[in-house]
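So the structure is just underneath, and the comments pick up after that.
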Amino acid sequence: MAGSNERWWNQPELWVEVFAILNIAFLTFDIYLAHSVNQFRNPAEYIPLLFSATSPVALIVALTQRVRRRIWWKILGHLVGWSAILVGLTGVSLHLESSFFYERTIQSLTYSAPFAAPLAYAGLGFVLVMNRMVDPGSVEWARWILLFTMGGFIGNFIFSLADHAANGFFLAVEWVPVAASAVAIGFLCITLLTEVPRWFIDVSAAVLILEAGVGLWGFVLHTMGNLRGPSVHAFDNFIFGAPPMAPLLFPNLAVLGLIGLWQLRNKEYAEPLVTVTQGT
Amino acid sequence: MSFRPVFIAVVIAFALILAAFLLNRARPKVETEQPTADLVRATGKCAECHTRTQYSVVHEFEMSMHARKGVNCLECHQPAQGQEKKDHHGFVISAQLTPGNCRGCHENIYQQFLRSRHSAPAWAAVYGEKGLTPEQVSFSETYQPGGTRRPPNPLAELEGTSAKTSGCDQCHSVGKPNTDGTVGNCTVCHTRHTSSVRIARLPTTCAQCHMGPDHSQIEIYEESRHGILFQAQEKLLNLDAPPQTLTTRDMFVPTCATCHMSGINGIGVTHDPSERLSFYLANMITDRRPNYAAAQARMKQVCSQCHTPGLVERVYAQAEQVVQTTNQRVQKAQDIVNGLRKGGVLTGPPFSYPIDFVFFNLWHYDGRTSKHGAFMGGADFVQWHGNYPMLEKTVQLKSMAEELRRQHGRVK
């Protein structure tokens, strides 16, 4: 298995594991903000909050057992992973009460609750499960990571489009994340659909680094907008204003994508394609 | 170095961006082309919660012309000048809506309303000048002399706060002074979220207030030929017709609004019914209004949209005759009561004696009903709810006055 004899910093599966732990932990704060809009009206809204707060503990424990008692790393990982998938898919079902599915108009789509947001949990759950079921030294593992990254950017595309449409694309700069995530999807799609040469992997990595920049810029813009928000209380501005964490998905997914591209680049199939034209 | 993967990647990216543009382009311009980001956001954000908490409000708004024209919640609910601001889930809204919010788009209508008796005079009829600024009183007196600069209603003062709040206020607050300096309440006639012209044209809307023994307009209307035809043919009328293009093809049977306010067949719309009223019929002794001739000409012009000039003139001549005779009867009754006060038989504040109430009912109920009935085609109200009770109460007054003089003579 690739990585087991490598130094820890050269083990992609370990970086992916850390990625998942940090993301689930960070979702605690994100969910607290998101469900504060609704003031946790439905008791079920506490479930993802509690899950996000407790799961990282289990995963950290699992991580400590990854080398010596790997079975516990697998068991705990599967437990948290499948729970995350359940939380995510249940969340999508509960978010489906959104008016869009009643009216099915573009207006109602634009203003519906973020019904696909809980898929973040499902995605992280799949990452954890996949990390335990697929050989991290294989091309397949890299491609799964890239698939999850592309899924994340599809989410970015849909939500930056819908959320900024809710603002009427009042500022032209609001089109930037829409275009940026479309570009990311385009490049990641190719890495999944076909064998790509090393230079294309490098170009895709550069695209992802740019995506990270887009996200950080968006975070600054959202924060500045919220600091100038109409509410008297700054906290209310952050709850009801521009979602402060949403742009950070870009650098977040860029990190995951770079891990996948790094692994893909290290494999044999990524050598430049050579067409034999003479001698044989 | 193969160009193919880059080409395909760029094509996929461009296709997604193009799809995003097309999707956004499909959205109504009235939603996306707003002066501020908050206004765009409000278009659906408010409904997202309020559909769950007050569904009827959102539903009423969705049915309204405002919604069809792309007006969104924040455009009415954002604080106007002088209004208290309220922090509400990321928006700043007005705690209380007044004509200050409506006038942003309907300034002309608000100015017409301010000149009418629905405005400050309606409020002053109960409270006098209380709550009105000197400027508001002065403005109103310019157009409705004697309507605002007056003492509070003595009967209302006697009945007390709860009677005023739950009784008088419910109608007379159509002209209430608001904390932001405006006067009035547009939603009394137009309702709040439906903001409906149709509802404003219904007789039942006016009947919220213009009913009862002291101003029996709805009862008179329902007895009249206009009212009977409306009841029979309401479904055939186009009550939703835009005010600017309303014709007798839309409303070939009149309601209150048709005669008193609507711009039918090109006649100008007005929110000041006084423009077409030539008498102060509600007064104890009816006088001509200052704009008597012009107002009567305007009202006759409305009548002429359906009726021949001969009929119109006849109705006015007969009605003015009723006004004269009613004035005479009320004057006689007043002379009796004044005589008692002059002679020291009646002392103290108004409404201290049963005879005060008999006289009040005579002019305030029966006299008004007789006059309103004459102008609005309510024959039964002219006779059996007007002249006959006036006659009866005159006899009662005389008898009570004699008895009071006799008692006063004995006491002296």
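The values are calculated or read from the model by the stated rules, or taken from the named source; none is laboratory data. What you are looking at is a predicted structure, and each value in this text was computed from that prediction instead of being measured. Because the Cβ atoms are built from the backbone with ideal geometry, glycine has one as well, and the counts that use them run over all protein chains shown.
Scan the range B:279-291 and give yes if some residue there is farther than 24 Å from B:GLY146 by Cα and either at pLDDT below 95 or assigned to a loop (DSSP other than H, G, I, E, B) (or both), otherwise no. For the range B:279-291, residues farther than 24 Å from B:GLY146 by Cα and either at pLDDT below 95 or assigned to a loop (DSSP other than H, G, I, E, B) (or both): absent.
Looking for something away from chain A (no Cβ under 13 Å), in contact with a Lys or Arg (Cβ under 9 Å, 6 or more places away or on another chain) and at pLDDT 90 or above - is there at least one such residue anywhere in the range B:68-78? Checked the range B:68-78: no residue is away from chain A (no Cβ under 13 Å), in contact with a Lys or Arg (Cβ under 9 Å, 6 or more places away or on another chain) and at pLDDT 90 or above. Every condition in (1) on the phi < 0 side of the Ramachandran plot; (2) touching a helix residue (DSSP H, G or I) at 6+ places or on another chain (Cβ under 9 Å); (3) more than 7 Å from chain A (Cβ to nearest Cβ) holds for B:SER56 except the one numbered (2). Taking every residue in the range B:5-22 that is at the interface with chain A (Cβ under 7 Å from one of its Cβ atoms) and within 19 Å of A:GLU195 (Cβ to Cβ) and pairing it with any residue that is basic (Lys, Arg) and assigned to a helix (DSSP H, G or I), at least 6 positions away or on another chain, yields no pair with a Cβ-Cβ distance below 8 Å.
For the range A:189-202, what are the residues that are more than 7 Å from chain B (Cβ to nearest Cβ) and assigned to a helix (DSSP H, G or I)? Selection gives A:THR191, A:LEU192, A:LEU193, A:ARG198, A:ILE201, A:ASP202.
Condition test on B:VAL92, is it at the interface with another protein chain (Cβ under 8 Å from one of its Cβ atoms) and at pLDDT 90 or above? Before you say what the answer is, go through the steps one by one.
Working: at the interface with another protein chain (Cβ under 8 Å from one of its Cβ atoms): yes; at pLDDT 90 or above: yes.
Yes; evaluated as a whole, the condition is true for this residue.
Checking A:VAL92, A:VAL67 one by one, the residue that is away from chain B (no Cβ under 14 Å) and either touching a strand residue (DSSP E or B) at 6+ places or on another chain (Cβ under 9 Å) or closer than 15 Å to A:ALA122 by Cα (or both) is A:VAL92 and no other.
Looking at the range B:337-347, is at least one residue aliphatic (A, V, I, L, M) and not in a helix (DSSP H, G or I)?
Within the range B:337-347, one or more residues are aliphatic (A, V, I, L, M) and not in a helix (DSSP H, G or I).
For the range A:110-158, the set of residues classified as of a type in the set (Phe, Trp, Tyr) and at pLDDT 90 or above consists of A:TYR121, A:PHE126, A:TRP141, A:TRP144, A:PHE148, A:PHE153, A:PHE157, listed by residue number. Within the range B:99-110, can one find any residue that is within 28 Å of B:HIS172 (Cβ to Cβ) and in contact with an Asp or Glu (Cβ under 6 Å, 6 or more places away or on another chain)? Looking for residues that are within 28 Å of B:HIS172 (Cβ to Cβ) and in contact with an Asp or Glu (Cβ under 6 Å, 6 or more places away or on another chain), one finds at least one in the range B:99-110, hence yes. Output the residues belonging to the range A:165-188 that are at pLDDT below 95, part of a helix (DSSP H, G or I) and within 9 Å of chain B (Cβ to nearest Cβ). Scanning the range A:165-188 gives A:ALA165, A:ALA166. Against the test of being away from chain A (no Cβ under 14 Å) and without any contact (Cβ under 8 Å) to a residue 60 or more places away in the chain, the options B:GLY44, B:GLY128 yield a single qualifying residue, B:GLY128.
So for the range B:137-156 (the condition being hydroxyl-bearing (Ser, Thr, Tyr), assigned to a loop (DSSP other than H, G, I, E, B), free of Cβ contacts under 8 Å to residues at least 40 places away in the same chain and surrounded by 18 or more Cβ atoms within 10 Å (Cβ to Cβ)), does at least one residue qualify?
If we filter the range B:137-156 for residues that are hydroxyl-bearing (Ser, Thr, Tyr), which is where we start, we get B:138, B:140, B:142-143, B:148.
Those left that are additionally assigned to a loop (DSSP other than H, G, I, E, B): B:148.
Next, only the ones that are free of Cβ contacts under 8 Å to residues at least 40 places away in the same chain stay: B:148.
If we keep only those that are surrounded by 18 or more Cβ atoms within 10 Å (Cβ to Cβ) as well, we get B:148.
Yes, that holds for at least one residue.
Taken over the range B:208-219, the criterion of being surrounded by fewer than 18 Cβ atoms within 10 Å (Cβ to Cβ) and touching a Cys at 6+ places or on another chain (Cβ under 8 Å) is satisfied by B:GLN208 alone. Please state which of the following conditions A:VAL232 fails to meet, knowing it meets all the rest: (1) surrounded by fewer than 21 Cβ atoms within 10 Å (Cβ to Cβ); (2) at pLDDT 95 or above. It fails just one condition, (2).
Scanning the range A:22-47 for residues that are closer than 16 Å to A:GLY88 by Cα, within 16 Å of the chain's Cα centre (by Cα) and either surrounded by fewer than 21 Cβ atoms within 10 Å (Cβ to Cβ) or of a type outside the set (S, T, N, Q) (or both) gives A:ILE24, A:ALA25, A:PHE26, A:LEU27, A:THR28, A:ASP30, A:ILE31. Residue-level analysis places B:SER119 outside the set of residues that are surrounded by fewer than 18 Cβ atoms within 10 Å (Cβ to Cβ) and at pLDDT 95 or above. As a summary of the residue check, B:GLU84 satisfies the conditions (1) farther than 26 Å from B:VAL30 by Cα; (2) away from every other protein chain (no Cβ under 14 Å); (3) over 16 Å from the mean Cα position of the chain (by Cα) except for the one numbered (2).
Answer yes if at least one residue in the range A:227-246 is outside any helix (DSSP H, G or I), within 29 Å of A:GLN39 (Cα to Cα), in contact with a Gly (Cβ under 7 Å, 6 or more places away or on another chain) and more than 9 Å from every other protein chain (Cβ to nearest Cβ), and no otherwise. Yes, that holds for at least one residue.
Does the range B:59-68 include one or more residues that are surrounded by 17 or more Cβ atoms within 10 Å (Cβ to Cβ), without any contact (Cβ under 8 Å) to a residue 40 or more places away in the chain, more than 24 Å from A:LEU171 (Cα to Cα) and in contact with a strand residue (DSSP E or B) (Cβ under 7 Å, 6 or more places away or on another chain)?
Going through the range B:59-68, the residues surrounded by 17 or more Cβ atoms within 10 Å (Cβ to Cβ) turn out to be B:60-61, B:64, B:66-67.
Okay, now just the ones that are also without any contact (Cβ under 8 Å) to a residue 40 or more places away in the chain, so B:67.
Pick out the ones that are also more than 24 Å from A:LEU171 (Cα to Cα) and you get B:67.
Filter once more, so that each one left must be in contact with a strand residue (DSSP E or B) (Cβ under 7 Å, 6 or more places away or on another chain): none.
No: zero hits.
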